[in-house]
Amino acid sequence: MAKSGVESTTGAIYLVLVLVLVLIFTSDVALNLANAEDEMELLIAFKSSIRDPLRFLTTWTNNSSTNICSWHGISCLNSTHVSSIDLSAKNISGAIPPQLFHLPFITTINLSGNELRGEIPTETFSCPSLKHLNLSNNNFTGSIPRRGFIAGLETLDLSNNMLTGEIPGNIGQFAALEVLDFGGNVLSGEIPFSLWNLSNLVVLTLASNQFIGEIPSVIGRMRSLKWIYLGYNNLSGEIPKEIGYLTSLNHLDLVYNNLTGEIPSSIGNLSNLQYLFLYQNRLTGSIPPSLFDLRNLISIDLSDNYLSGDIPEVIFQLKKLEVLHLFSNNFSGRIPKALSYLPKLQVLQLWSNRLYGEIPQDLGKLSNLTVLDLSTNNLTGKIPSSLCESRRLFKLILFSNSLTGEIPRSLSYCKSLQRIRIQNNRLSGQLPMDFTRLPLVYYIDASRNRLSGRIDQREWHMPALEMLNLAKNEFTGNLPVLVGSDKLENLDMSENNFSGSVPPSYGRLSELMLLNIGNNQLTGLIPEQLSSCKKLVNLDLSRNQLTGPIPVALSTMPVLGDLDLSQNLLSGEIPPNLGQVESLVQINISHNQFHGELPSTGAFVAINASAVTGNDRLCSGDAVSGLPPCKRADKPVWWFFVTSLLVVLTVLALSIIFFVFIRRRNKLQTNQMDSDDEEANVNGVATIQFFDAKASKSITVDDILCSIKEENIIYKARNSISYKGKSSSMNGLHFVVKLLTDTSSLDSNFWSEMAELGRRVRHPSVVKLIAIYRSEKGGILIHEWIDGLDLSEGLGGMMMMNWERRRKILFGIANAVKYLHVRCSPSVLVGELSPKKVIIDGKDEPRLRLGVAQLVGREFNMGSFSSAYVAPELKENKAEMTEKSDIYGFGVLVIEILTGKDRASAADSSSVLGVHDNIVDWARYCYSECHLETWMDSTMKGHYSSSSSSSRNKYHQNEMVEMMGIALQCTAMDPAERPCISDVVLALDRAVQRSRSCISGLKFSVAS
């Protein structure tokens, strides 16, 4: 009986235990289900706040039957709780809701590479489970959240956004941080002291911000650091010697700051250092000897500083060194022979120093040289024959030294060569025989040497060649026949001793833009085949012994702008059609044997006397030319009566045509007329002056005045209204009538200056002024009509503009400004260089509208232009507009072409530029050469993403980065720091050339 009672008691206890376990299990299940439902609601709230154009989140549905762990981008812990969200590079946009950071078990959030905007939620650092947060490469604005901290957070990446303000002072409380990346923002102030207490930090990136102050000595506490990137800031002071305590450091980058003093010798303690980048600072002194004890160094860049002293032979210890950049310093002494024995050396750039002596004769013999630039030093001796032993050298830059001897024959077999610049030395002897058969070379400049011999008795097969300059040497024989060089754009063989005739085969060089074979001993006729070079802009055949007439076919060259035929033995009459070449700006036919009448159109209008002198039998009706007036032969009296009778009969038969034609004006003839036209608001005496032959024969005064109607308005400006006009002649020529609504504000020289511009300005990328019309009560400028869209419409999306099209437009504008600044005398200023002033025609050729152009020295009138396109010095005080103010406008235009952001509209929208006052500030501080997508126009991202493996795309990306750098130079606050337009055009050309021959990850010099 007792036993039975015990058994029943034991059974009851077991039953109770089972019930308890069941209750615990069911409560956990219920809790998990409840948490799962909460997490689903939080994720749905996130989805509802963003845009998902590519529909990656279609699986995110508010359906209890679905498992959130199966949603796209979601990972779970034990298949129940959300532990990771990865939606990187999904093109999502919108603002992040704070609910995202309420997920209780989340450890990783990666939303990088999207179009997210707005401020980062203040609750971001209130999520205790979070270990990895990546919000990089978005459009976040505002400051970094200051509330809360996450002690266990290991990765915090907010790089490449538009964050402002200072780093929160409590950053030091994120004690577990291993990766901290705030680079590519607009953060400012000093780096907080507490940051240097993050002893677990492995990667620290604060580059491309506006940080100031010094790097403190306490940086030495961060013993775990392997990567420091503090470049592109405004840090000052010296590099602290305590940096030598960071013995784990692998990568040290302090570039583009204002650091001063010497490189500390303690840097020699960084035994694991592989990459040392200190370029673009103000460092002085010599390289510390201890640096050469760092046996693991792969790349050193100390360029653009004020370093001095010798480059020591002890550099031979750096056996792993691949890249050495010491250019633009004050180094002196000889190039160390030890460089010849660095087996992995690929890139050596020592240009623009004070180095002297010979180039080490074994350089390149034991290494893998790909780039060698020793230009602009005081080097002497011969070019070593071993430079291309590796067969990998593609860039050889040795110009502006005092090198002597012959070009090594070994370079003829260097099939990897692409770019050769050895000009301005004392090289002599002949070109090596196979030098003219290098298959990859696209650029050769060997000018200003003492090279001699014949170069016509050899095969020229250089299919990639685009630029060949052999000017100012001592070559003899005939000019070479350049078979197979179909890509050649620039050919300069001037100032040699070439003889014989001009090869007719040059007419097959379809890409040729410049041909200069002047100052030789060439004879014979000018070949008509040259007219087949439809892209030729500059043709110089001067100072030879050419005979015969000017080929009439030259009048058919569509973009010929500069023609120099002076100091030859040419004869005959000047082809009348040559004066009708619209692109021809400058012509020189002096010191020949021409006769007859000088054409009175085009480039011959108001031609300088020096350009026609020395032709004894040439005459002109223009006194400016200095030529005698043309004599008219006397005609018999009977011929006069016959002619008069014919004229009378013609007038009677064609009286209507006669009345039409008496209203037309011949080019450059000013006719007075009486008018009482009320619609045009002009009366009394009016004058019209044409600058274009075609227009003078097609456009009448009635055509001009009848165009001034409301339905013809195409543009309204502050002091003018532009109308579209059409001539009543059979050709129906279109033109633009710009009615000046306030002529009282014009100074007394305005009309004479406009007339001068109409005569002088002739460039294919500048809209022509074809006539001016004046009366006592008004004035009109008549321009040629260009059928196309203005650039602002193109950037606004009306034209799908890829990078090739934008680059073409950019170069066209640059060349137009160069023509106005350099080729016109006095210089012509654009004034307002905005997208609305650039018309893109059907062939993607840009045409610059000058409007009411200004001459250099004109006092700036703020009311004349939109302040959005005015250089800062003109806004601050009443100043004279200069060429440098045009350069500023050009820089802004380049930024807009690259980014797709319109400056004027962006200035009114904080959502476009964040906290920045203007597009220049935005570009300057968001730009980073490592993160192209942060500022590139989003319409191009699909074609040129950073992940693309296409070599063509990489070329384009390099070009965009280079050209953004040029734009930022052009928009410098100090006008003295802005380049002139000639340097800008040269830099743009070099940017394209460099992008085609760059090595991924290496920094190349601007000077090469």
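The values are calculated or read from the model by the stated rules, or taken from the named source; none is laboratory data. Keep in mind that what you see is a predicted model, and the values were worked out from it rather than measured. Please note: Cβ atoms are built from the backbone with ideal geometry, for glycine as well, and neighbour counts cover all protein chains shown. Heavy atoms of the whole protein, side chains included, go into the accessibility calculation; ligands, DNA and RNA do not. Shrake-Rupley method; radii C 1.70, N 1.55, O 1.52, S 1.80 Å.
Here the convex hull built on the C-alpha positions of the stretch 353-458 has a volume of 84 cubic angstrom per residue.
With contacts taken as Cα pairs under 8 Å at a separation of at least 6 residues, the stretch 313-414 carries a relative contact order of 23 percent.
Start at zero, step by 10 Å, and the Cα-Cα distances of the stretch 158-203 spread as 27, 55, 18 percent across the bins. Can you list the residues of the stretch 825-843 with backbone N under 15 Å from a point 7 Å past the Cα of His734, pointing along Cα to Cβ? Only 839-843 pass the distance filter. Here r is the Cβ-Cβ distance between Lys415 and Lys631 and R0 is 60 Å; the resulting FRET efficiency, rounded to 0.05, is 0.40.
Using the Cβ-Cβ distance between Leu968 and Lys843 with R0 set to 30 Å, the FRET efficiency from 1/(1 + (r/R0)^6) comes to roughly 0.50.
Heavy-atom accessible area with a 1.4 Å probe sorts Asp157, Asp38, Asp989, largest first, into Asp38, Asp989, Asp157. With the crude spin-label approximation of a point 7 Å out along Cα→Cβ, what separation in nm comes out for Asn67 versus Asn200? A separation of 3.2 nm, rounded to one decimal place. A straight Cα-to-Cα reach below 15 Å connects Lys319 with the aspartates and glutamates Asp293, residues fewer than 8 places away in its own chain not being considered. Please state the shape class of the stretch 300-380: rounded when a/c is under 1.5, otherwise prolate if a/b exceeds b/c and oblate if not, all from the C-alpha gyration tensor. Prolate shape, in that a/c is at least 1.5 and a/b is the bigger ratio. Taking only the C-alpha atoms of the stretch 490-581, Rg followed by Dmax gives 12.0, 34 Å. What aspartates and glutamates does Lys131 reach when the alpha-carbon gap must be under 16 Å and sequence neighbours fewer than 8 apart in one chain are set aside? Cross-link targets: Asp86, Glu123, Glu154, Asp157, Glu178, Asp181.
Full extension of the segment from Lys534 to Glu597, taken as 0.36 nm per residue of separation minus the current Cα-Cα distance, would add 19.9 nm. Each peptide in 597-608, 500-511, 732-743 gets a packing score, the mean of other Cβ atoms within 10 Å over its residues, and the list from highest to lowest is 597-608, 732-743, 500-511. FRET efficiency for the Asn577 to Lys344 pair, using the beta carbon distance and R₀ = 51 Å, is estimated at 0.25.
The convex hull around the C-alpha trace of the stretch 115-244, projected and averaged over every direction, spans 6.9 square nanometres.
The slack between Lys709 and Glu880, meaning 0.36 nm per residue of separation minus the straight C-alpha distance, is 57.9 nm. Measuring against 22 Å, Cα to Cα, the residue pairs Lys241/Lys337; Lys768/Lys884; Lys694/Lys726 contain Lys241/Lys337; Lys768/Lys884 as the ones spanning a longer distance. Here the scattering of the stretch 410-528 is modelled by Debye summation over its C-alpha atoms, one equal scatterer each and no solvent; at q = 0.15, 0.16 Å⁻¹ the log10 of I(q)/I(0) is -0.62, -0.71.
Take the Cα radius of gyration of the stretch 351-414 and divide it by 2.2 N^0.38 Å, N being the number of residues; the result is 1.04. With kT/(6 pi eta Rh) evaluated at 4 °C and eta = 1.567 mPa s, and Rh the Kirkwood radius from Cα pairs, the stretch 34-182 diffuses with a coefficient of 83 µm²/s according to Stokes-Einstein.
Multiplying the residue separation of Arg617 and His102 by 0.36 nm and subtracting their alpha-carbon distance yields 176.0 nm.
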